[in-house]
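Visitor: Got a structure for you, written out below as structure tokens; questions coming shortly.
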Amino acid sequence: MKRTLLISLMALALLLGMFPQPAAAQEPVELVYTQWGGPDELEVFDYLVNVFNERNPDIRIIFQPIPTDYDTALQTMIAGGTPPDIAMVSDGLFNSLVPTGVLVNLQPFVDASDIDWDNIWPSAIGRYRWDAETKTFGSGDIYALPRDIGPTVLYINVDLFEAAGVELPDPVVPMTWDQIIDIGTRITVDAAGRHPNEEGFDPTTVEVWGVGDLWYENTVYGNGGRVLSEDGRTFVAPYDQNTIDAIQFLADLRHVYQVRPSTAQIASMSESQMFETGRVAMTTCGRWCVTNYRRVLDFEWDVRPNPVGPSGQITSFNNQEDCTFSGWSGSVGLAIIKGSKGEQYAEQAYRFIEFIFGEEGQIEQAKLGFQIPNQIDVAHTDVFRQPGLPPANVEPYYEAARCQLPGPWTQTPVFGQWFDDLFWNNVWPAVVIDGTMLAEDALLENAAAFQQALDEAWATLD
């Protein structure tokens, strides 16, 4: 009997072996994603990570934000051999990382995707290209996908315009420098009610300023100027009259026309804080300011195009000739870090990156108001326009996203290590902050040092 039972069991085992058996459930691939951001932004990304994980059971993204000193922390992790698998990388940090070979080339995945590149803002993706053979930024293969593009425009305090009896600027036609000076003069008022063009005006008791922070890149590009040659190899600012005039204009707003807060006055309160407290009528910021402005501003506000200079020229992305204004647009990208599990499971990591880059990820971020979607058609829907919420005028963002350039730091390696010291700590204080030198003189005096530092930066890639 026992022998018969044994033979039956063996026969059953052989029979079962003839049919496929269910495979053991595979554990999902766990990949760590890191970024920085404010509470609202991190909440959105926590939601997006959860949505992605639910739809992709073979992947589990672990969200580990780094709230402070992000760039340093990320570079330390990479250098220490403990990098995250997927990381948010600013366009400036990208240029420090990609030449060292620590970012995974995404081009094979991009080529296999169905992304409609005609529907993506060209300047958003262009800054994440690198040609390793020619050592050229802005061309070649894609090593990150933009998580966003952040166009910058002029923000205005509508209440201050109306209180001063100044007509609001055209919603889509940029102001000239002369108009900025005129409006700034009419709105700037001291404690005695005098304006800068009136006798007895006291700049030390100004209660409302007409002009705040007009960013230098926007002013330079809006006058057809350049900081670097197009290949990023030559520092052209000292010899470009349009650039010289733009930097001098920023100095004159403070020291000649007295429509912008002085150095002493911004020591205790920045120009952005003055705008938020209703003491500055016009200032520059990116789309990311909208989220906070909706929450904290207690006055009516709106946006206008960046002003343009008297040269009649505009420096635009890809040298487009039909741009009405320009400036700088910011961006951060999403990249896979070499030496991580993300490189080993690059297909899975890329799937998450494309989800954030794609329409659904962009819509969730756009709802907060802090970015314009990567997809041009989505940007023109109410997802971005958000009728009923400020700013009422959104048209300038479209022109800005189309025409604005990445910062000059995206054209060269280790930009901040040499430019910051020579420009922000040398030329800028002398010309714009203190007014002790003319822009032309300060730039020429430092021209050789700028070029030497730029040459040394490029030499780091040899």
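Visitor: So is residue 455 acidic (Asp, Glu), surrounded by fewer than 16 Cβ atoms within 10 Å (Cβ to Cβ) and not assigned by TED's automatic domain parsing to the domain that holds residue 287 or not?
Guide: Judged against the criteria, residue 455 is not a match.
Visitor: Then there is this: Condition test on residue 43, is it assigned to a strand (DSSP E or B), at pLDDT 90 or above and of a type in the set (D, E, K, R)? It would help to see each step written out before you state the result.
Guide: Values: assigned to a strand (DSSP E or B): no; at pLDDT 90 or above: yes; of a type in the set (D, E, K, R): yes.
It is false that residue 43 is assigned to a strand (DSSP E or B), at pLDDT 90 or above and of a type in the set (D, E, K, R).
Here is a yes/no grid of residues against (1) within 21 Å of residue 167 (Cβ to Cβ); (2) small (Gly, Ala, Ser); (3) in contact (Cβ under 8 Å) with a residue 40 or more places away in the chain:
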site: 249; (1), (2), (3): no, no, yes
site: 254; (1), (2), (3): no, no, yes
site: 265; (1), (2), (3): no, no, yes
site: 298; (1), (2), (3): no, no, no
site: 307; (1), (2), (3): yes, no, yes
site: 310; (1), (2), (3): no, no, yes
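Visitor: Would it be correct to say that residue 153 is assigned to a helix (DSSP H, G or I) and crowded, with 23+ Cβ neighbours inside 10 Å? If you could, list the steps in order and put the result at the bottom.
Guide: On the way: assigned to a helix (DSSP H, G or I): no; crowded, with 23+ Cβ neighbours inside 10 Å: yes.
Spelling it out, it is not the case that residue 153 is assigned to a helix (DSSP H, G or I) and crowded, with 23+ Cβ neighbours inside 10 Å.
Visitor: Select, from 236, 259, the only residue that is without any contact (Cβ under 8 Å) to a residue 12 or more places away in the chain and in contact with a Ser or Thr (Cβ under 6 Å, 6 or more places away or on another chain).
Guide: From the options 236, 259, the qualifying one is 236.
Visitor: Scanning the range 39-61 for residues that are within 23 Å of residue 368 (Cβ to Cβ), out of contact with any Phe, Trp or Tyr (no Cβ under 7 Å at 6 or more places or on another chain) and not charged (D, E, K, R), which turns out surrounded by the most Cβ atoms within 10 Å (Cβ to Cβ)?
Guide: Checking each candidate, the answer is 48.
Visitor: Can you confirm whether residue 369 is at positive phi and not assigned by TED's automatic domain parsing to the domain that holds residue 281?
Guide: For residue 369, the condition - at positive phi and not assigned by TED's automatic domain parsing to the domain that holds residue 281 - is met.
Visitor: Go through the range 366-399 and give me each residue that's modelled with pLDDT under 95, within 19 Å of residue 285 (Cβ to Cβ) and surrounded by fewer than 18 Cβ atoms within 10 Å (Cβ to Cβ).
Guide: Residue satisfying the conditions is 368 alone.
Visitor: Checking the condition touching a Gly at 6+ places or on another chain (Cβ under 8 Å), among the charged types (D, E, K, R) and not in a helix (DSSP H, G or I), which residue from 133, 167, 198 passes? Can you show your working first?
Guide: Values: 167 fails: touching a Gly at 6+ places or on another chain (Cβ under 8 Å); 198 fails: touching a Gly at 6+ places or on another chain (Cβ under 8 Å).
It is 133.
Visitor: Among the residues of the range 335-353, how many are in a helix (DSSP H, G or I), surrounded by fewer than 18 Cβ atoms within 10 Å (Cβ to Cβ) and touching a residue at least 24 places away in the same chain (Cβ under 8 Å)?
Guide: Selection size over the range 335-353: 2.
Visitor: Please work out which one of (1) touching a helix residue (DSSP H, G or I) at 6+ places or on another chain (Cβ under 9 Å); (2) not assigned by TED's automatic domain parsing to the domain that holds residue 392 is the condition residue 321 fails and give its number.
Guide: It fails just one condition, (1).
Visitor: Condition test on residue 311, is it surrounded by fewer than 22 Cβ atoms within 10 Å (Cβ to Cβ), in the same structural domain as residue 190 (by TED's automatic domain parsing) and over 25 Å from residue 326 (Cα atoms)?
Guide: The answer is no for residue 311.
This table checks each residue for (1) assigned by TED's automatic domain parsing to the domain that holds residue 289; (2) buried (at least 22 other Cβ atoms within 10 Å of the Cβ); (3) of a type in the set (Phe, Trp, Tyr); (4) within 30 Å of residue 179 (Cβ to Cβ).
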{"position": "99", "(1), (2), (3), (4)": "no, no, no, no"}
{"position": "106", "(1), (2), (3), (4)": "no, yes, no, no"}
{"position": "109", "(1), (2), (3), (4)": "no, no, yes, no"}
{"position": "114", "(1), (2), (3), (4)": "no, no, no, no"}
{"position": "123", "(1), (2), (3), (4)": "no, yes, no, yes"}
{"position": "129", "(1), (2), (3), (4)": "no, no, no, no"}
{"position": "133", "(1), (2), (3), (4)": "no, no, no, no"}
{"position": "140", "(1), (2), (3), (4)": "no, no, no, no"}
{"position": "143", "(1), (2), (3), (4)": "no, yes, yes, no"}
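Visitor: Shifting gears a bit: Might you check whether a residue that is under 30 Å from residue 456 (Cβ atoms), in contact with a strand residue (DSSP E or B) (Cβ under 8 Å, 6 or more places away or on another chain) and buried (at least 23 other Cβ atoms within 10 Å of the Cβ) occurs anywhere in the range 318-326?
Guide: Among the residues of the range 318-326, at least one is under 30 Å from residue 456 (Cβ atoms), in contact with a strand residue (DSSP E or B) (Cβ under 8 Å, 6 or more places away or on another chain) and buried (at least 23 other Cβ atoms within 10 Å of the Cβ), which makes the answer yes.
Visitor: Filter the range 400-421 down to residues that are modelled with pLDDT of 95 or more and assigned to a helix (DSSP H, G or I) and give me whichever is surrounded by the most Cβ atoms within 10 Å (Cβ to Cβ).
Guide: For the range 400-421, the residue satisfying everything is 400.
Visitor: Can you confirm whether residue 460 is touching a residue at least 40 places away in the same chain (Cβ under 8 Å) and surrounded by 19 or more Cβ atoms within 10 Å (Cβ to Cβ)?
Guide: no
Visitor: Quick one: which residue in 451, 371, 411, 417 is touching a residue at least 24 places away in the same chain (Cβ under 8 Å), within 24 Å of residue 354 (Cα to Cα) and of a type outside the set (Ser, Thr, Tyr)?
Guide: 371
Visitor: Another question about this same structure. Considering only the range 291-324, how many residues are out of contact with any Pro (no Cβ under 7 Å at 6 or more places or on another chain) and under 14 Å from residue 150 (Cβ atoms)?
Guide: Of the residues in that region, 2 qualify.
Visitor: Looking at (1) within 30 Å of residue 168 (Cα to Cα); (2) in contact with a Leu (Cβ under 8 Å, 6 or more places away or on another chain); (3) outside the structural domain of residue 225 (by TED's automatic domain parsing), which is the only condition residue 376 fails?
Guide: It is condition (2) that residue 376 fails.
Visitor: Another question, then. Which of (1) in a helix (DSSP H, G or I); (2) farther than 16 Å from residue 337 by Cα; (3) without any contact (Cβ under 8 Å) to a residue 12 or more places away in the chain is the odd one out, the single condition residue 114 does not satisfy?
Guide: Result: residue 114 passes all but (1).
Visitor: Of (1) over 30 Å from residue 330 (Cβ atoms); (2) crowded, with 23+ Cβ neighbours inside 10 Å, residue 198 satisfies all except one. Which?
Guide: (2)
The values are calculated or read from the model by the stated rules, or taken from the named source; none is laboratory data. In this text the structure is predicted, and so the values were computed from the model without any measurement. Methodologically, a virtual Cβ is constructed for each residue, glycine included, from the backbone with ideal geometry; neighbour enumeration extends over all protein chains shown.
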